[in-house]
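Asks: The structure is given below, and queries will be raised subsequently.
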Amino acid sequence: MLADMIQRLFERSLGDAAQSEAREGKWLPALWAEVEEMGLPLALLSEEQGGFGLAPADQGEALRLLGHLAVPLPVAETMAANRLLAEAGLPLAEGAAGLARADDLTLADGRLSGTVHRVAWGENLDCLALAVGNTLYHVPRSGWTLTEPGTALNFHPRPSLAIDWVVDASAPLPHDPLAEGATVRAFQIAGALEAALDLTLEHTATRVQFGKPLQKNQVVQHELAKLAGELACATAAADLAAEALARGDLRGVAAGSLRAREAAGNGASIATQMHGAIGFTREHPLHLFTTSLWTWRDEFGGQVFWATLLGRAAMAAGEEGYWPMVTEL
Amino acid sequence: MSAIPFPAPPADSDEVLALRGEFRAFLDKHLGHRSPRQRSDNWYGFSRDFSRAMGQAGYLGMTWPKQYGGHERSAFERYVVVEESLAYGAPVGAHWIADRQSGPSIIKFGTDEQKETILPGIAAGKLAFGIGMSEPDSGSDLAATRTKAVRDGDVYRVTGTKVWTSFAHEADYVILFCRTSGTPADRHQGTSQLLVNLKDTPGLTIKPIIDLAGQHHFNEMHFEDAAVPAKNLLGAEGDGWNQVMSELAFERSGPERFLSSIELMYQLLEALRGREDDAALAMIGRLTAQLAVLRRLSRSVAAMLQAKENAGLQAAIVKDVGAVWEQTLPDFARQLVDAEPDPRTAAAYAGVLANIVHNAPSWSLRGGTREILRGIIARGLGTR
Ligand SMILES: Cc1cc2nc3c(=O)[nH]c(=O)nc-3n(C[C@H](O)[C@H](O)[C@H](O)COP(=O)(O)OP(=O)(O)OC[C@H]3O[C@@H](n4cnc5c(N)ncnc54)[C@H](O)[C@@H]3O)c2cc1C
């Protein structure tokens, strides 16, 4: 149901023109208004929290769709930030929101200050769900100014924010925003990879070389099979991360997030190769997905951060404990 | 939307969790004394004693009807036993093939008499099976089979050669894929399956084929006018192709398709201990993430089997992606720890690494090669 609504909304209101404005770093206020009207920012909340009370599978599907449609707005981030704020009992966002962790911020005389690096659409947010140590803050837009501009590989803005704010909304941290963000990104990656596979199947069926569709060549078929394998892994990885997040198991979040990050790179390169030169242009939609895959795989804690976390857990488990640990993930 | 769907596996029930604990204790009791090198043999290990103990404890034929010695448990309970066996490096050779594919084929296609005489023996861990598919001129192209079985009164007279038959020298039966009419040019038509008693078939000779590591696990089976009782026909004469495809689906659907080198992972952790820098930790983390996700996909296949859905395509993906994991593990290990692998050493890491390097090439061949699997997946995507 929600999936159908999301699909219809963006198919109707998100066209090439909007995508290229977003690539110039321009905010899309009309589209955001539609997102709010549909209630998407609250989609991950339970009914008691004022949300949709969606089953985990439906939450996952909604998040995957945001990737599948290459939505150039921080919808997924806002959904995740609101879930975090709701769980902490803090006020929800009244517009778009970001989520971040920044442990080197300083708190003195009730004033929080320091820099939060590379926040998606930082200029256009209503608030930030910000973790410092074990505390979550609801930092309103008036609490920061932009310092350095930043740009993601899909050309969406990632400015750094100078926080200078007298704390008036904080609570114990319910769970880590990096884990929340990494999980959401895993779903978006799975969605974008599915779009990449769709496009690659279509392209290799219609593009004729040597008198036959590309797809009739066995090497091409085998690359498609590998791409389908990466997609299967990314989809399972996102679900695995989400289940681990719900249990508060960072090792499982790491496992799911890492495999999705890896699939993003592997899948994007197969899809691009199978498209030939057209896949390397802005004329063909594939780039919306490949550039987003390359963006998302390095956000909310990098590959090294999550891989060392899981690697440390594996070393601690050792010869005897390794397999039992794997069965818990 | 082109994704090949993998249903989310259910969380482990209390029964499944209890079974996992029980079965780990069973493995410790029976196999606790084995060395890492022995454990790394994985399914090349063949132990009648261990298989009988598995049967006695109710760990074989788990999903089969009680009437045939089975235990009517769920696909997930069987999954636990299968994955824990492999993760432990248990010597599963004397029951593996029978429990995974021969028994299920007999349940699906066999006569009442075949079911009654054979299935209880498999469930008790007393009857071992082999797979009689490949031939010198028929590998990936199974429909090119030449082995001929000609009906002669109440026997079939079988002539031809099968190769790579794992455990033919130890097992009690093979299910033989052969041609009961026509010629290899007829392809799928005219093929059948026969239950061949390996201990009692005059005219059958079994010769070892030694693999590159010097091991004897597979064989050549030569049939020279060998008489196989006609009542040993499995299923319908002429229906061999459908039946053998179904047998392959059983063969490919298990979780063993990524755990073959798991002992190396355990030994790698120990070999790294004390010198693990961030790069090493990150590599271990990445490998662990890949493994965890493979396991989830594999449990999805179990969920599909439990729901009686056709999981052929999903199983092909798990086997394809899984074989890459188990096969490339030694290369990652070699980037982290220097050791000259030695097949005869008692040192855990160097010995296990040697065994894994020797055996890894086979994992993308047996049970359908990587190329054949990718062809199956591509067909599932609608390209062929
Ligand atoms: C350890 C081990 C145990 C085995 N145990 C058994 C057993 O118990 N019983 C049994 O019956 N068999 C067994 N086999 C045999 C196994 O099933 C075959 O090796 C496999 O089916 C491939 O056949 P082949 O070796 O003849 O290779 P071929 O079919 O000749 O293939 C050689 C290469 O060509 C590729 N190739 C072939 N056809 C195509 C195509 N159309 N397109 C693209 N590439 C292609 C293959 O992928 C492979 O890379 C075992 C094999 C091994 C390694």
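Asks: If you put +1 on each Lys and Arg Cβ and -1 on each Asp and Glu Cβ, how big is the dipole of the stretch A:177-328 around its Cα centre, in Debye rounded to 20?
Replies: Computed about the Cα centre, the dipole is about 460 debye.
Asks: Helix-only mean residue ellipticity at 222 nm, chain B, DSSP H runs n ≥ 4 weighted -39,500 (n - 2.57), per residue, nearest 500. What is it?
Replies: Per the formula, -13500 deg cm²/dmol.
Asks: Over 31 Å between Cα atoms, which of B:K29/B:K66; B:K231/B:K308; A:K216/B:K162 qualify?
Replies: In this structure, A:K216/B:K162 exceed 31 Å between Cα atoms.
Asks: Taking +1 at the Cβ of each Lys and Arg and -1 at the Cβ of each Asp and Glu, which of B:P7, B:F250, A:V326 sits farthest along the dipole of the protein assembly as shown towards its positive end, judged by Cα position relative to the Cα centre?
Replies: It is B:F250.
Asks: Please give the total accessible area that chains A and B bury against each other, computed with a 1.4 Å probe and expressed in Å² to the nearest 100.
Replies: Its buried surface, counting both partners, is about 4000 Å².
Asks: Between the alpha-carbon centers of the stretch A:26-50 and the stretch B:84-142, tell me the distance in whole angstrom.
Replies: About 56 Å separates the Cα centre of the stretch A:26-50 from the one of the stretch B:84-142.
Asks: Over all directions, what mean area does the Cα convex hull of the stretch B:253-380 project, stated in square nanometres?
Replies: 8.5 nm²
Asks: By how many degrees, between 0 and 90 and to the nearest 10, does the Cα long axis of helix A:2-13 differ from the longest principal axis of chain A?
Replies: 80 degrees
Asks: Something else now. With label points built 7 Å along Cα→Cβ from the Cα atoms of A:D126 and A:M5, find their separation and express it in nm.
Replies: So the two model labels end up 1.6 nm from each other.
Asks: List every residue whose amide H lies under 5 Å from the amide H of B:A347, counting only residues 5 or more places away in sequence or on a different chain, with H placed 1.01 Å from N in the peptide plane.
Replies: The list, which skips near neighbours in sequence, is empty: none.
Asks: So if I place +1 on the C-beta of Lys and Arg and -1 on the C-beta of Asp and Glu, and nothing else carries charge, what would the dipole magnitude of the stretch B:131-239 be about its Cα centre? I want it in debye, nearest 20.
Replies: The calculation lands at about 120 debye.
Asks: Quick one: if you stick a label point 7 Å off each Cα along the C-beta vector at B:D225 and B:I210, how many nm between them?
Replies: Label-label distance for B:D225 and B:I210, simple model: 3.3 nm.
Asks: Of A:A242, A:V184, A:A263, which is farthest on the positive side of the dipole of chain A, counting Cα position, with +1 on Lys and Arg Cβ, -1 on Asp and Glu Cβ, and the Cα centre as origin?
Replies: Farthest towards the positive pole: A:A263.
Asks: Next up: Quote the Stokes-Einstein diffusion coefficient, in whole µm² s⁻¹, for the stretch B:240-295, based on the Kirkwood radius over alpha carbon pairs, a temperature of 37 °C and a viscosity of 0.692 mPa s.
Replies: 238 µm²/s
Asks: Counting other Cβ atoms within 10 Å, keep those with at most 12, restrict to DSSP loop, and tell me which trypsin sites (Lys or Arg not before Pro) in the stretch B:164-253 are left.
Replies: Taking the stretch B:164-253 and a limit of 12 other Cβ atoms within 10 Å, the loop trypsin sites (Lys or Arg not before Pro) found are B:K199.
Asks: Would you please give the residues with an amide H less than 5 Å from that of B:F46, counting only those at least 5 places away or on a separate chain, with H modeled from the backbone geometry?
Replies: B:G93
Asks: Moving on to the next point. Output ³J(HN,Hα) for the stretch B:7-12: one whole-Hz value per residue in order, computed from phi by the Karplus curve 6.51 cos²θ - 1.76 cosθ + 1.60 with θ = phi - 60°, and x for Gly and Pro.
Replies: Using θ = phi - 60°, the values come out as x, 5, x, x, 4, 4 Hz.
Asks: Right, another one. Can you give me the accessible area per residue for chain B, using a 1.4 Å probe, in Å²?
Replies: Accessible area per residue: 39 Å².
Asks: Separate question: Go through the stretch A:72-79 residue by residue and turn each phi into a ³J(HN,Hα) via Karplus (6.51, -1.76, 1.60, θ = phi - 60°); whole Hz please, and just put x for glycine and proline.
Replies: x, 9, x, 6, 4, 4, 5, 4
Asks: Just which residues of the stretch B:276-292 lose 20 Å² or more accessible area with every protein chain there, against their chain alone, with the probe set to 1.4 Å?
Replies: B:D278, B:L281, B:A282, B:I284, B:G285, B:R286, B:T288, B:A289, B:Q290, B:L291, B:A292
Asks: Report A:D16's accessible area, 1.4 Å probe, all protein chains in place, as a number in Å² to the nearest 10.
Replies: About 130 Å², ignoring ligands and nucleic acids.
Asks: Another question, if that's okay. One quarter of the convex hull surface, Cα atoms only: what value does that give for chain A in nm²?
Replies: Here the figure is 17.9 nm², rounded to one decimal.
Asks: Cut-off 19 Å, label point 7 angstrom out along Cα-to-Cβ of A:M38: give me the residues of the stretch A:64-87 whose amide nitrogen falls inside.
Replies: Inside the label zone: A:64-83.
Asks: Which of the three applies to the stretch A:2-172, rounded, prolate or oblate, going by the alpha-carbon gyration tensor with a ≥ b ≥ c and a/c under 1.5 meaning rounded?
Replies: Note, shape of the stretch A:2-172 comes out oblate.
Asks: Then there's this: Need one number for the stretch A:129-276: average projected area of the convex hull over its C-alpha atoms, nm².
Replies: 10.8 nm²
Asks: Please list, ordered by chain and number, the residues whose modelled amide H lies under 5 Å from the amide H of A:A97; skip anything fewer than 5 residues away on the same chain.
Replies: Those qualifying (amide H under 5 Å, at least 5 residues apart or on another chain) are A:T78, A:D126.
Asks: Can you compute 3J(HN,Hα) from phi for each residue in the stretch A:243-249, using the Karplus curve 6.51 cos²θ - 1.76 cosθ + 1.60 with θ = phi - 60°, rounded to whole Hz and x for Gly and Pro?
Replies: Once θ is set to phi - 60°, the couplings for the stretch A:243-249 become 5, 5, 4, 5, 8, x, 9 Hz.
Asks: Give me the dipole magnitude in Debye, nearest 20, for the protein assembly as shown about the Cα centre, with unit charges on the beta carbon: positive for Lys and Arg, negative for Asp and Glu.
Replies: Taking the Cα centre of the protein assembly as shown as origin, the dipole is about 1840 debye.
Asks: While we're on this one: Between rounded, prolate and oblate, where does the stretch B:210-273 land on the alpha carbon gyration tensor, with a ≥ b ≥ c its root eigenvalues, rounded for a/c under 1.5, else prolate if a/b exceeds b/c?
Replies: oblate
Asks: Another question, then. If you consider only alpha-carbon coordinates, what radius of gyration and Dmax does the protein assembly as shown have, in Å?
Replies: When restricted to Cα atoms, the protein assembly as shown yields Rg and Dmax of 28.3, 100 Å.
Asks: Okay, moving on. List the GluC sites (Glu not before Pro) in the stretch A:194-293 that DSSP assigns to loop (not H, G, I, E or B) and whose Cβ has at most 14 other Cβ atoms within 10 Å. Which are they?
Replies: Within the stretch A:194-293, the qualifying GluC sites (Glu not before Pro) (loop, at most 14 other Cβ atoms within 10 Å) are A:E283.
Asks: What lysines could a cross-link reach from A:K212, if we take a straight Cα to Cα line under 24 Å and drop same-chain neighbours fewer than 8 places away?
Replies: Of all the lysines, those that pass the test against A:K212 - Cα under 24 Å, at least 8 places apart if same chain - are A:K226.
Asks: Continuing with this model, one more query. Dipole of the stretch B:253-380 (Lys/Arg Cβ +1, Asp/Glu Cβ -1, origin at the Cα centre): which of B:L373, B:L353, B:A303 lies farthest to the positive side?
Replies: Most positive-ward Cα: B:A303.
Asks: On full extension of the chain, what length is gained from B:A25 through B:K108, given 0.36 nm per residue of separation minus the C-alpha to C-alpha distance?
Replies: 26.6 nm
Asks: Provide the per residue accessible area, probe 1.4 Å, for the stretch A:188-329, rounded to a whole number of square angstrom.
Replies: Per residue, the stretch A:188-329 has 36 Å² of solvent-accessible surface.
Asks: Moving to a separate point now. Counting just the Cα atoms, what span does the stretch B:84-140 cover along each of its three principal axes? Round to the nearest Å and put the largest first.
Replies: Principal-axis extents of the Cα atoms in the stretch B:84-140, largest first: 36, 33, 16 Å.
Asks: Tell me the carbon and sulfur percent of the accessible area for the protein assembly as shown, rounded to whole percent, probe radius 1.4 Å.
Replies: 51 percent
Asks: Evaluate the Debye formula for the stretch B:131-239 with equal point scatterers sitting on the alpha carbons, no solvent, and hand back log10 of I(q)/I(0) at q = 0.19, 0.22 Å⁻¹, in q order, two decimals.
Replies: Here log10 of I(q) over I(0) equals -0.90, -1.18.
Asks: Normalized C-alpha radius of gyration of chain B, against 2.2 N^0.38 Å?
Replies: Here the Cα radius of gyration is 0.99 times the empirical estimate.
Asks: In degrees from 0 to 90, rounded to the nearest 10, what is the angle of the helix B:370-380 Cα long axis to the longest principal axis of chain B?
Replies: 80 degrees
Asks: Rounded to the nearest 0.05, what FRET efficiency do B:H71 and A:V208 have when you use their Cβ-Cβ distance and R0 = 51 Å?
Replies: The value I calculate is 0.35.
The values are calculated or read from the model by the stated rules, or taken from the named source; none is laboratory data. Treat the numbers as computed from the prediction; the structure is a model and nothing was measured. Don't worry about glycine lacking a Cβ; one is built from the backbone with ideal geometry, like all the others, and counts go over all protein chains shown. Side chains included, ligands, DNA and RNA excluded: accessible areas come from the protein's heavy atoms. Shrake-Rupley method; radii C 1.70, N 1.55, O 1.52, S 1.80 Å.
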